[in-house]
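Heads up: the structure comes next, in structure tokens.
The values are calculated or read from the model by the stated rules, or taken from the named source; none is laboratory data. Owing to the predicted nature of the structure, the values given are computational and were not obtained by experimental measurement. FYI the Cβ positions are ideal-geometry reconstructions off the backbone, even for glycines, and counts take in every protein chain you see. Surface areas here come from the heavy atoms of the whole protein model, side chains and all, with no ligands, DNA or RNA. Shrake-Rupley method; radii C 1.70, N 1.55, O 1.52, S 1.80 Å.
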Amino acid sequence: MAQYFSLHPEQPQLRLIKQAAQIMRDGGLVAFPTDSAYALGGHTGDSPLLARIRRIRGVDERHHFTLLCRDLSDIATYARVDNSQFRLLKATTPGPYTFILEGTKELPRRLLHPKRKTIGLRIPDHPLVSALLAELGEPLLSSTLLLPGEEHPLTDPEEIRDRLEKEVDLVIEAGPCRGEATTVIDLTSGTPELIREGMGSLAPFGL
């Protein structure tokens, strides 16, 4: 049975943030709101967590997971970023964008796309996620909470608890969530390539 936390959307209670972070450190899978949609997430190095997310999402090992990062220095630790890529990242973060970049050796190979050795990275603009990342002191492994056969991510925490109460360890409610996925931009080729159009404007990328 999943636990259920209600947090203030602008000033999330530190006591509950600490509890949520500990659940993640202990290998728990958490459903939480971001600046775009609800996500599934947990501790980055946890191998069983990957299998749980893939099962819920109905995706295989070619699915790009995303690291939620605190800032650009985190991204530079876990991905290879050249000067032009860095300028784009600086201009568009934090915000509703996921960037596909080549991963570094700091990441376990199981997190990377098996052929391309890439991963999604993003810096969300959401007080809850920022507080979680600060408490954890490291990025969060995440994936949009989009269930198999459905067109839109889940947005209602009560519905998430009802539908996934035996699949996740914690559901966090923190005010309304827009429920639109991020815009996904592949930056690996030198020219930005649109993978998925979502909340974020395409104008900064000339697309």
Share of carbon and sulfur in the accessible heavy-atom surface of the chain [1.4 Å probe, %]: 47
What fraction of the DSSP beta bridges in the stretch 1-152 is antiparallel, stated in percent and rounded to the nearest 5? 85
Can you tell me the accessible area per residue over the stretch 96-207, all protein chains present, probe 1.4 angstrom, in square angstrom? 47
Can you give the Rg to Rh ratio of the stretch 11-61, both from alpha-carbon atoms, with Rh computed by the Kirkwood formula? 1.01
In nm, to one decimal, how far is the modelled label at GLU180 from the one at TYR4, with both set 7 Å along Cα→Cβ? 2.8
Residue-wise, which Karplus ³J(HN,Hα) couplings in Hz belong to the stretch 61-68, taking 6.51 cos²θ - 1.76 cosθ + 1.60, θ = phi - 60°, and x for glycine or proline? 5, 7, 5, 7, 7, 10, 9, 8
Evaluate the distance, in nm, between pseudo-label points positioned 7 Å from the Cα of HIS63 and of LEU194 along their respective Cα→Cβ axes. 2.5
Provide the solvent-accessible area of LYS18, counting protein heavy atoms only and rolling a 1.4 Å probe, rounded to the nearest 10 Å². 100
Counting sequence-distant residues (5 or more places) and residues on other chains, those with an amide H built under 5 Å from that of THR34 are ALA39
Neighbours of SER84 by Cβ distance under 15 Å: Lys/Arg at +1, Asp/Glu at -1, summed charge -1
Place a point 7 Å from the Cα of ASN83 along the Cα-to-Cβ direction; which residues of the stretch 170-207 have their backbone N under 19 Å from it? 188-192
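Assuming R0 = 30 Å, what is the FRET efficiency of GLN11 and ASP162, from their Cβ-Cβ distance, to the nearest 0.05?
0.60
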Using only Cα atoms, locate the centre of the stretch 22-66 and the centre of the stretch 90-131, then give the distance between them in Å, rounded to an integer. 13
If I model a spin label as a point 7 Å beyond the Cα along the Cα-Cβ vector, how far apart are those points for ALA51 and ASP71 in nm? 3.8
Would you mind calculating the gained length between LEU207 and LYS105 on full extension (0.36 nm times residue separation, minus the Cα-Cα distance), in nm to one decimal? 33.6 nm
Using the Cα atoms as the points, what is the convex hull volume per residue of the stretch 31-168 in Å³? 110
Picking from LEU88, ALA203, ILE160, whose Cα lies most toward the positive end of the charge dipole for the chain (charges on Cβ: Lys, Arg +1; Asp, Glu -1)? LEU88
Farthest positive-ward along the chain dipole, Cα basis, beta-carbon charges - from PRO9, GLY27, ILE172: GLY27
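So how many Å³ per residue does the convex hull of the Cα atoms of the stretch 101-207 work out to?
So the per-residue Cα hull volume is 152 Å³.
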